[in-house]
Amino acid sequence: MILPFIVAGLVLGSLFALSGVGMLVLYRTTGVLNFGYGALGAASAMLAWQLVELRLQPVLAYAIGILAATALSLLFGFLAGPFLATVNTLTKATATLGLALFILGIMLFMWDDKARTLRLPTDTIGFSIGTRITVTQLICLALATAIVIATSIYLQRSPTGTAMRALASDRELASMLGIRVRRVELLAWAVSGALGGISGLLLSSQTRLEPVFLTFIVIPVLAAVVVGRFRSLVGTLVGGLVIGVVQAVSSAFPSTSPFSNATPFVVATLVILYLQRRKVVTIEVAR
Amino acid sequence: MSAITAKSALALATGILLAATLSACVADEGGGANAGGNTSKDELQCGLATGEPATGDPIKVGAIATASGGVDFSSAPKAAAAYFDCVNENGGINGRPIDYSYQDDALDPTKTAQLAAGYAADDSVVGLVGDATFIGCDVANAEYAKADLYSITGVGVPQACFTSSNIAPVNAGPRQSAIQLLQWLEQEGKADAVFQVGLNTQGNGDWVAAGILEYAEANGINIVGTELTDPTETNWLPLIQKIKDSGATSVIIVDPGPITAAILAAVEQQDARGDIIWTCTASCYDAQFGSQIGAYWEGFVANSELQLVDADGEDNELWKSVMDAYAAGDAPRDTFSQAGFLAAKMFTTAVLELDPENITRESVSQAMLGIKNAESDLLCRPWYYGEADEHNANHSTRTAEITDGVFTKLTDCIDSGDPALASILENEQSLGLVG
């Protein structure tokens with residue numbers, strides 16, 4: 001019976017895609033590939049869990065969790081943005097590792113290694129079509145698709161979206177044309193942080209609520225972004241779903257099961273190889 | 001205009017962050033809610049119980065624990081420190097206070113080896129008490145053995161912690177914990193078809209899984225499946241499917257608490273609990289676990305390597321009261337804490353026998369090795385050290401089940417039937433370490 005695996009794969013894949021969209025919006029606007037993205041999601045989930053434990057209204061706790069991820073992302077963008085704008089892409093990406101380790105360190109300091117679960121009210125409502133599907137899982141799928149469509153339309157149609165795309169092609173030129181570069185960049189940091197917060201909450205409910213684990217989930221997310229060639233939102237969605245489904249389905253068979261966790265790397269490598277198929281390879285000889 | 005917007009955005013961000021941090025700083029109440037002592041600070045019977053602070057020359061005692069890196073075992077040395085503080089307030093070791101501290105190896109075996117070498121080289125360190133390193137027993141033991149330094153370890157997890165000459169853990173370890181769950185299932189007549197779940201980690205997960213298989217083979221129990229997963233696994237559907245297909249009547253999970261909680265959440269999502277008896281080793285026995293896995297798991301069974309934290313009994317009461325009086329309010333009151341406390345108490349009892357003028361590493365090592373027949377209500381059977389290449393004195397544990405979200409006592413002590421304990425049991429008798 002393969003259906004439960006496909007469903008589980010689609011759900012996890014849609015969450016990779018949702019995170020991927022957040023990373024992509026930021027990358028396309030600011031050129032920053034945020035490795036701290038998983039940590040933002042983890043912080044959102046851990047904070048929401050703590051607030052629920054303190055008997056806060058769950059919905060309010062989730063909202064504060066998402067807000068905190070947004071605020072953290074915005075704060076980093078505000079403080080580090082001007083410096084990051086002047087360095088190359090690789091340096092930008094490396095700088096975000098600092099953000100990841102900083103947030104991870106704080107989380108490990110505040111929360112011990114005991115078992116935790118984030119129980120969304122929608123986890124217990126579900127129906128069966130050969131396998132059990134919960135409302136949380138439906139939300140994951142619907143949200144990922146909706147956000148990809150909405151973001152695509154927003155980037156195409158709205159003035160801010162146009163400004164974001166302008167920034168992506170040429171930051172200097174865009175600022176000369178009167179686009180408020182800082183403002184648009186901060187917006188991208190905020191949107192990206194919010195998406196990170198939302199996916200962090202959903203990922204923790206569907207996988208594990210552990211700071212280290214959630215921080216490093218940025219790796220399969222990155223693979224989805226690679227499939228989208230760092231450009232395409234739809235490509236990222238497809239990439240996320242493919243990775244999720246291949247990973248889950250390959251885990252169903254004893255012969256492929258031990259390798260299922262390598263799926264993100266395999267898919268990303270295949271896509272990179274395919275995209276490079278007609279490029280001239282130059283080999284520099286060191287003197 | 002744009003500068004003002006950026007500033008207000010920063011103010012907003014900082015405000016939210018501050019509010020969020022403040023609200024998250026409230027102590028984790030789930031950890032320490034149900035264990036509190038009834039003895040006041042000046043009535044605590046620690047060491048000589050004189051009520052007079054010790055002022056002599058300090059005796060240096062150390063420990064290595066994994067406190068960061070994703071695993072936090074520091075509750076063992078924290079409890080040891082609390083007990084030693086209490087001893088120092090009550091006459092110390094015949095007038096000499098214990099100068100106790102522990103160091104964090106941060107889940108890095110290289111660091112463990114460095115710390116161990118540091119203790120070994122420092123002659124003023126007479127012994128180690130309440131250690132709890134998750135990864136470094138083998139490398140640490142190599143250093144200790146060269147320097148004739150011994151450790152009454154609070155918590156050991158991998159195999160190496162139980163097969164070392166200079167390390168003797170107070171806890172029973174995951175292998176005994178798992179085998180005793182199997183023995184409990186056998187007693188209850190629920191061991192017709194057992195499925196075991198664990199980690200594929202070398203020297204730990206594989207060692208426990210082998211233990212279950214060895215016991216099962218020796219006792220004619222049918223193990224219908226063994227699934228050892230990667231510690232980073234996220235997808236539990238294949239596992240749930242395999243358990244269903246195997247026709248298992250009971251499941252033994254030997255995973256860390258957070259992974260077990262994730263597995264149980266996936267089982268709940270698929271509504272796959274069925275009539276299967278689901279059990280977990282002592283890694284799940286934690287005050288917070290029941291409330292985290294939720295009402296679906298009422299009746300879930302876990303093993304406990306020491307006395308249940310809310311039980312009565314002289315030592316358990318002393319542990320709780322010492323923690324109240326000498327440890328931080330948010331220090332966990334868990335099995336590891338009990339283990340650290342007990343390690344410190346047994347060390348104190350042994351060292352009190354020595355001439356206070358002649359407390360050296362040599363005399364302390366002899367005193368530690370000489371510990372035998374040490375009884376405590378925290379244990380099921382007497383603990384001992386003894387000269388040997390393997391140490392697993394605690395091999396009898398209790399079982400608990402979740403009732404209304406908290407663990408309650410299910411059975412009293414079960415003696416381990418692990419076939420690999422044969423040489424240890426033989427030593428116990430021939431060297432007169434127990435009874």
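When the alpha carbon gyration tensor of the range A:3-275 is reduced to an equivalent ellipsoid, the three semi-axes, largest first, read 29, 23, 18 Å. Note on residue B:242: aspartates and glutamates with a C-alpha under 14 Å away, same-chain residues under 8 apart excluded, are B:227. For chain B, the C-alpha radius of gyration divided by 2.2 N^0.38 Å, with N the number of residues, is 1.03. Note that the range A:84-143 shows a convex hull volume over its alpha carbon atoms of 179 Å³ per residue.
Sorted ascending by nearby beta carbons within 10 Å, beginning with the fewest, A:117, B:411 become B:411, A:117.
In summary, the aspartates and glutamates within cross-link reach of residue B:41, defined as a Cα separation below 17 angstrom excluding same-chain residues under 8 places away, comprise B:52, B:85, B:89, B:314, B:315, B:317, B:324.
Summing Lys and Arg as +1 and Asp and Glu as -1 over all other residues whose Cβ lies under 9 Å from the Cβ of residue B:198 gives a net charge of -3.
Which pairs in the list B:190/B:244; B:320/B:345; A:114/B:78; A:114/B:60 are over 22 Å apart, alpha-carbon to alpha-carbon?
A:114/B:60
Shown here are the Rg and Dmax of the Cα trace of the range A:103-208, at 19.2, 59 Å. Near residue B:363, once Lys and Arg are set to +1 and Asp and Glu to -1 for all other residues with Cβ below 15 Å from its Cβ, the sum equals -4. Stokes-Einstein, applied to the Kirkwood radius of the range B:175-304 over Cα pairs at a viscosity of 0.890 mPa s and 25 °C, places its translational diffusion at 169 µm² s⁻¹.
Tell me, Kirkwood radius of the protein assembly as shown from alpha-carbon pair distances, in Å? Taking the inverse mean of 1/r over all distinct Cα pairs, the protein assembly as shown comes out at 27.5 Å. Here, the range A:131-287 is characterised by an Rg to Rh ratio of 1.04, where Rg is the alpha-carbon radius of gyration and Rh the Kirkwood radius.
Compute the Kirkwood hydrodynamic radius of the range A:122-180, taking the inverse of the mean of 1/r over all pairs of distinct Cα atoms, and give it in Å to one decimal.
14.2
For the range A:22-176, taking Cα atoms only, Rg and Dmax work out to 18.6, 59 Å respectively.
Since every read-out is calculated from the coordinates, none of them should be taken as a lab result. Keep in mind it's a predicted model, so treat the numbers as computed, not measured. Ideal geometry is used to build each Cβ from the backbone, glycine not excepted, and the neighbour counts take in all protein chains shown.
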